[in-house]
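The structure appears below as structure tokens.
The values are calculated or read from the model by the stated rules, or taken from the named source; none is laboratory data. The shown structure was predicted, so the numbers you read here are calculated from the model rather than taken from an experiment. Glycine also receives a Cβ, built like all others from the backbone with ideal geometry; neighbour counts cover every protein chain displayed. Keep in mind that these areas ignore ligands, DNA and RNA; they rest on the heavy atoms of the full protein, side chains included. Shrake-Rupley method; radii C 1.70, N 1.55, O 1.52, S 1.80 Å.
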Amino acid sequence: MEPPRRTILHVDLDAFFASVEELLDPAIAGKPIIVGGDPQGRGVVSSASYAARAFGVRSAMPMAVALRLCPQAIVRRGHYREYGRYSRQVMAILREYTPLVEQVSIDEAFLDVTGCERLWGPADGLARAIQQRILEGCHLPCSVGVATSKLVAKIASGLRKPQGLVIVPPGEEAAFLAPLPVEELWGVGEVAARRLHALGLHTIGALAAVPKEALVLAFGNQGAVLYDHARGIDNRPVVPENRRRSVSNERTFAQDLTDGEELRKHLLALCDQVAARLRSLGLQGRIVGLKLRYHDFTTVTRRATIDRPTALSPTIFQHARGLLDATWRTGTPVRLLGVSISGLVETPVRQLGLFGDDDGRWMRLSRALDDIRNRYGEQAIRRATFLEPPGEDEGPDDASPEP
Ligand SMILES: [Mg+2]
């Protein structure tokens, strides 16, 4: 049976951090603004205003390179607590339109508005209303893509930034995607793109002309996904937070990793991020999942069950590391590493303030660190080494107080 045709919006704030910086300091509005790490160190650009992008500055670019391209840029280290505050306001606005809002990062979300026409009118009017409402309510510009799937809606929202609105009517997905570069597709990273280019496949349209069997031969299971995606077929649902079944994070490396120590460092960072996300959602989980994709696209997933639910990075890391050590064929190049937590339950309120028990102390410490990261950015706290659970006299007692 054909699933019902869906209407999905992807709402993406334009140059979000830089836009918030303009609100915090109107004197710099319209100027080239870069939010990012230390230009002296190995800091990277986390956001650049459109005036800075005009000079070629891009997200994830080393700060030193960005400042060579645009020496007059105004540099901000970031007001992460403010970004969080604005983000929550925007997400609250989106939830006024439908409960089916899936926040995918601090500045973007999918909305499933299938069947909402009677309430809100046709999707293009709804999309414009949302843009207007966010602009008036939060003074933030955003772009919206409208399509029948998450994949196409997301590509559409990125096409005419800033303040863009791109609607892909049902049935026109493949034609819409055809002229775009293959890199636009989810899951096509640098390595896959290089392999596709080597086969003479540069556009999604060219990819869509390749028989499914050939793609499966070249890319394994991922090939079947590519085949569907190249046609705009993507049946993944919009999953709101309250129905979330897992929290995960993964990273595709610019260059395949072969060093165990490097892998474990990235694994720890992923565990930190997943744990922080769990805590921000008020959730804990019992099942730790590891995802490992090798250079040849072979993908392995492994799971381990913890004796009780946790939202603590050291516990998650301990299990994820065990899975990695047991799974990774030492020295085999790894292109993607992922960590997930499932078996989710809500955090019992009582546990948050518990003293004397290691988990309670770790929870307090972790929340204090979340708070510092929210205020000063991800890089504010760097680990010197992998954390071990604290001894009796290394508790978080003099960490900053919880709000
Ligand atoms: Mg954005």
Stokes-Einstein, Kirkwood over Cα pairs, region 1-160, 25 °C, 0.890 mPa s; D in µm²/s equals 147
In debye to the nearest 20, the charge dipole size for the chain, taken about the Cα centre with +1 at each Lys and Arg Cβ and -1 at each Asp and Glu Cβ, equals 540
In Å², rounded to a whole number, the accessible area per residue of the chain with probe 1.4 Å is 51
So, relative contact order of the chain in percent, Cα under 8 Å, 6 or more apart, is 13
Taking 154-164, 43-53 and ranking on average Cβ neighbours within 10 Å, highest first, one gets 43-53, 154-164
In this structure, among 265/291; 31/150; 150/291, pairs with alpha-carbon gaps over 24 Å are 31/150
Averaging 1/r across every pair of distinct alpha carbons in region 174-230 and inverting yields a Kirkwood hydrodynamic radius, in angstrom, of 10.9
Exposed-loop cut sites defined as GluC sites (Glu not before Pro) in DSSP loop states with at most 15 other Cβ within 10 angstrom; longest site-free run of the chain spans 173-391
The correct ranking of 106, 34 by accessible area at 1.4 Å, largest first, is 106, 34
Projected convex hull area of region 301-351, Cα atoms, direction-averaged, in nm², equals 4.3
The percentage of the accessible area of the chain (probe 1.4 Å, all protein chains present) made up of carbon and sulfur atoms, to the nearest whole number, is 52
Computed over region 87-183, the convex hull of the Cα set has an average projected area, in nm², of 6.2
Sorting 14, 370, 25 on solvent-accessible surface, 1.4 Å probe, most exposed first, gives 25, 370, 14
Largest fluctuation, 226, 336, 119 only, Gaussian network model of the chain with Cα springs under 10 angstrom, belongs to 119
HN-Hα couplings for region 246-259 via Karplus (6.51, -1.76, 1.60; θ = phi - 60°), in whole Hz with x for Gly/Pro, come out as 7, 10, 9, 8, 9, 9, 9, 8, 4, 10, 3, 9, 10, 9
Subtracting the Cα-Cα distance of residue 281 and residue 250 from 0.36 nm times their residue separation yields 9.3 nm
Using alpha-carbon coordinates alone, the radius of gyration and Dmax of the chain in Å work out to 22.1, 64
The answer for the per residue Cα convex hull volume of region 16-80, in Å³, is 69
Dimensionless Rg/Rh of region 193-272, both radii on Cα and Rh by Kirkwood, sits at 1.07
With only helices counted (DSSP H, runs n ≥ 4, each -39500 (n - 2.57)), the per-residue ellipticity at 222 nm for the chain, to the nearest 500, works out to -12000 deg cm²/dmol
Sorted by accessible surface (1.4 Å probe, heavy atoms of the protein chains only), largest first, 68, 308 come out as 68, 308
Of the DSSP H helices in the chain, the ones reaching 15 Å or more along their long axis in Cα terms and averaging at least -1.0 in Kyte-Doolittle hydropathy are 123-138, 260-281, 313-327
The Rg/Rh figure for region 237-346, Cα atoms and Kirkwood Rh, to two decimals is 0.98
Taking alpha-carbon centroids only, region 278-306 lies from region 319-334 a number of Å equal to 13
Residue 212 and residue 68 label points (each 7 Å along its Cα→Cβ direction) are spaced in nm at 4.8
